[in-house]
Amino acid sequence: MLKYQFTRYTQLPPQVLRLIKAEFLLNMVNAGFLLILNLYLRNEGYSDAVIANFTSYRFLGILILAFPMGLFIKGRRLQPFFITASFLIPVTSFLVIFSISFHFILLTRIAFLIWGVGLMIPHVCALPFIMRNTPDHLVSEAISLNFATWSFAMIIAGLFITFLKALDGQSLGFVVIHGDEYHALLAISGFSALAIPLFFGLNEATPRTVRASIIRHLNTLLRDTDSWRIVKVLFPTQIIAIGAGLTIPFINLFFNGVFGITSDQFSLMGSATAVLVFTSALLVPVIKRKFGYMVAIILTQGSAIFFLIILSLTELMATLPGIVWVAICCYILRQPLMNMAAPITSELVMKFVGEKNQELISALHASIWSASWFLSAKIFQYLRSLDLPYYKIFLITAGLYTSGVFLYFFVIRQYRREQNQMGRSVD
């Protein structure tokens, strides 16, 4: 069964595999920065509240542009957008690093904003590209493999940062290796530029939807009877996204502040976790086909919430011997359980809203996550300025996750009922 499943990945169209390879290179920046950028900022003397403020600017640009972009790309070729992102991401990544180093606060905020837009572009365009260029029977595999590139990027970025730290100060010919956060982020940013030639060679199928202006697409949307379906399926996403934004971008601050975990140690943790996330993402289509959406989404995310609650409570027992290992284990187990539902949730959303709304839903999805993470960063900034403990913030996340998963239950039930009425197999 597993051999057959992995064989299906080799059947994906060459242009989809090319996209996924390029996405991996760009995800290296996202993963590397997620692992150690906050710790680099902390080492430069910035407080948690200021770090959260910078983080919010990353999502502000996406919040403003993601929805219009989703309307704009309908009926258009996506390759130019991917090429633009492949140039924008390395350049703005360097700008973020240098502005932090020289303590140019205004420039740092601007750099975060433009950097976020660069990361948003492939995120908005990837799912529509996959849906356009992948046979229907391989869509689950294509989406899962695309999501798995994030985990694989986290593995490589974490190992790379750990490796640099281990070689810090050693000479390699005429070059002295520097393993601090500053040089690690610079190296990862440069590595992402390798995506440029891959995107230039990207071929794509003819768009399924009609090309028109943003205003025309917006008018069509407002008159569309499917608008309620879009709202219904995105509402639980928004609730989960707000909760995620209170935890995921700042989890390294929790481990550093509560248990003294350093950047190289957290990077190694991130790599270990990403191995499980990567493996689980590839197995998700098997789980969905065997057990359906209820198990693939509801059960996995419910289990992740349990481990998040345990993780948060370790702060109350931080002085106990060995409690740090409980926190690490909960973190490592929670990540794959929460992330493995993401590709199947995306597939469900795409199928629930219908083919004509797929570009739009991809943009709305990115916009909602960015809006939610922008709001979450501001909430985190405010709560940490009040010295609210991390565990209370993480418990808020658990409550929001629970509400979102509960709402997904009704979306899945409606989709299954509609498919059964049409005589189609849900899975």
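Say we look at the stretch 37-56 and pick out the residues that are at pLDDT 90 or above and among the β-branched types (Val, Ile, Thr); which of these is nearest to the chain's Cα centre (by Cα)?
It comes out as Ile51.
Examine the stretch 74-88 for a residue that is of a type in the set (Ser, Thr, Tyr), out of contact with any His (no Cβ under 7 Å at 6 or more places or on another chain), part of a helix (DSSP H, G or I) and within 28 Å of Phe254 (Cβ to Cβ), and state whether such a residue exists.
No; the residues of the stretch 74-88 include none that is of a type in the set (Ser, Thr, Tyr), out of contact with any His (no Cβ under 7 Å at 6 or more places or on another chain), part of a helix (DSSP H, G or I) and within 28 Å of Phe254 (Cβ to Cβ).
When you look at Leu60, is it within 24 Å of Phe200 (Cβ to Cβ), at pLDDT below 85 and either among the hydroxyl-bearing types (Ser, Thr, Tyr) or in contact with a helix residue (DSSP H, G or I) (Cβ under 7 Å, 6 or more places away or on another chain) (or both), yes or no?
So Leu60 fails the test.
Suppose the filter is at pLDDT below 90, hydrophobic (A, V, I, L, M, F, W, C) and touching a Cys at 6+ places or on another chain (Cβ under 6 Å); does Leu78 pass it?
Yes, satisfied.
Looking at (1) part of a loop (DSSP other than H, G, I, E, B); (2) modelled with pLDDT of 85 or more, can you tell me which one Phe235 breaks?
Checking Phe235 against (1) part of a loop (DSSP other than H, G, I, E, B); (2) modelled with pLDDT of 85 or more, the one that fails is (1).
Filter the stretch 126-163 down to residues that are over 25 Å from Gln335 (Cα atoms) and out of contact with any Lys or Arg (no Cβ under 9 Å at 6 or more places or on another chain) and give me whichever is surrounded by the most Cβ atoms within 10 Å (Cβ to Cβ).
Phe129
Does the stretch 369-413 hold any residues that are in a helix (DSSP H, G or I), more than 24 Å from the chain's Cα centre (by Cα) and touching a residue at least 40 places away in the same chain (Cβ under 8 Å), and which are they?
Ser385
Would you point out which residue out of Gly257, Gly243, Gly302 is within 22 Å of Tyr401 (Cβ to Cβ) and surrounded by fewer than 18 Cβ atoms within 10 Å (Cβ to Cβ)?
Gly302
With the requirement that a residue be without any contact (Cβ under 8 Å) to a residue 40 or more places away in the chain, surrounded by fewer than 19 Cβ atoms within 10 Å (Cβ to Cβ), under 12 Å from Phe112 (Cα atoms) and of a type outside the set (A, V, I, L, M), what does the stretch 46-101 give you?
Across the stretch 46-101, the qualifying residue is only Phe98.
Please work out which residue is modelled with the lowest pLDDT, limiting yourself to the stretch 282-317 and to residues that are among the small types (Gly, Ala, Ser) and closer than 18 Å to Phe250 by Cα.
Residue satisfying both the conditions and the ranking: Ala304.
The values are calculated or read from the model by the stated rules, or taken from the named source; none is laboratory data. All values derive from a computational prediction rather than experimental measurement. So basically every Cβ, Gly included, is an ideal-geometry build from the backbone, and we count neighbours across all protein chains shown.
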